[in-house]
1. Multiplying the sequence separation of ARG54 and VAL102 by 0.36 nm and subtracting their Cα-Cα distance, what value in nm do you get?
2. Would you list the membrane-span-like helices of the chain, meaning whole DSSP H runs whose alpha-carbon atoms span at least 20 Å along their axis and whose mean Kyte-Doolittle value is at least -1.0?
3. Would you compute, from DSSP H runs of 4+ residues alone, the mean residue ellipticity of the chain at 222 nm, taking -39500 (n - 2.57) per run and dividing by the full residue count, rounded to the nearest 500?
4. Give a residue-ordered list of calculated ³J(HN,Hα) values for region 171-178 (Karplus: 6.51 cos²θ - 1.76 cosθ + 1.60, θ = phi - 60°; whole Hz; x for Gly, Pro).
5. Full extension from ASP142 to LEU228: what is 0.36 nm times the residue separation minus their Cα-Cα distance, to one decimal in nm?
6. Could you check the simple spin-label distance between ALA251 and LEU13, using points 7 Å along Cα→Cβ, in nm with one decimal?
7. Could you give P(r) for region 90-202, binned at 5 Å from zero, as whole percent values over all Cα-Cα pairs?
8. Can you put VAL109, VAL91 in order, fewest other beta carbons within 10 Å first?
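Nothing in this text is a laboratory measurement; each read-out follows from the coordinates by a stated rule. As the structure is a computational prediction, the values presented were derived from the model and not from experiment. We place every Cβ from the backbone using ideal geometry, glycine too, and count neighbours over all the protein chains shown.
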Amino acid sequence: MELEQNHFKHAILHGRTQLGIWTQLGSEIAAEILAGCGYDFIGLDAEHGPSDYRDIYAQLQACAAGGPTQPMVRLPNQDISLIKRYLDAGVNTLMVPQVDTVEQARALVSAVRYPPHGIRGYCGAPRASKFGRIKDYATACDREICLIVMPETTAALENLDAMAAIDGVDAFFIGPGDLAASLGYIGQPMHPEVVKTIEEAGRRIRAAGKAAGILCTDEAQTRRYIELGFTMIAIGSDQGLMTKGAEQLLAKFS
Ligand code: 3PY
Ligand code: MG
């Protein structure tokens, strides 16, 4: 059995825009439904929301059954033993929150690579290798693993150019909520100063030859981010859609 190509990784590295949807409900049923909707990627969130390791594992299985959408898992933290477990579970597109320094970014690259290039612990037949059926998984997996780090603070922006120069960091996904908080505008990810800072960060990321991403639910600003060359954009979430959809439905009769 062959290791599947990570179409998402190849698309962002070639500058093709990928649109995604976030799932925050911690539900494999929601993940299966969303995986069939035609989005390029689906964000499975283990940082915020109720999902733990086994929940994400079930959501990965649901995504595989639901459609061709690429699952992207946002880890809860930078714990290397947890990264190893998610990789073993078959996560090939990992997003790591709150990465502020070059040292942290380098440690993440090392965590996703087997020796001699890194320190990922070896397991004989993980789900990632289809339980041992992909014979060359250990030597081929680097090619398809996509490491996305999240710059979400002013400290991260100071170190952005140096982090972008690291081989093995494929992309940067800016967290507008945390960045707004770090800039002194908590709860205002669309504040003009925050948006200006995000756009400038996107320019620097692209100038370094890396892919830039963002979560944005404002249609006009999403279109602007796409024009500016952001190639990974999460444009909504299951929780947001359910809340808005349910309220709008009821409002028709009130
Ligand atoms: C943030 O807005 O801080 C996020 O992490 C969103 O993805
Ligand atoms: Mg964040």
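1. The span from ARG54 to VAL102 would gain 14.2 nm if fully extended.
2. For the chain, where a helix must reach 20 Å along its axis and average at least -1.0, the hits are 192-207.
3. -12500 deg cm²/dmol
4. 7, 10, 10, 7, x, x, x, 5
5. Values: separation 86, 0.36 × 86 = 30.96 nm, distance 2.89 nm.
Here the answer is 28.1 nm.
6. So the two model labels end up 4.4 nm from each other.
7. Pair shares across the bins are 2, 12, 20, 19, 14, 11, 9, 7, 5, 2, 0.
8. VAL109, VAL91
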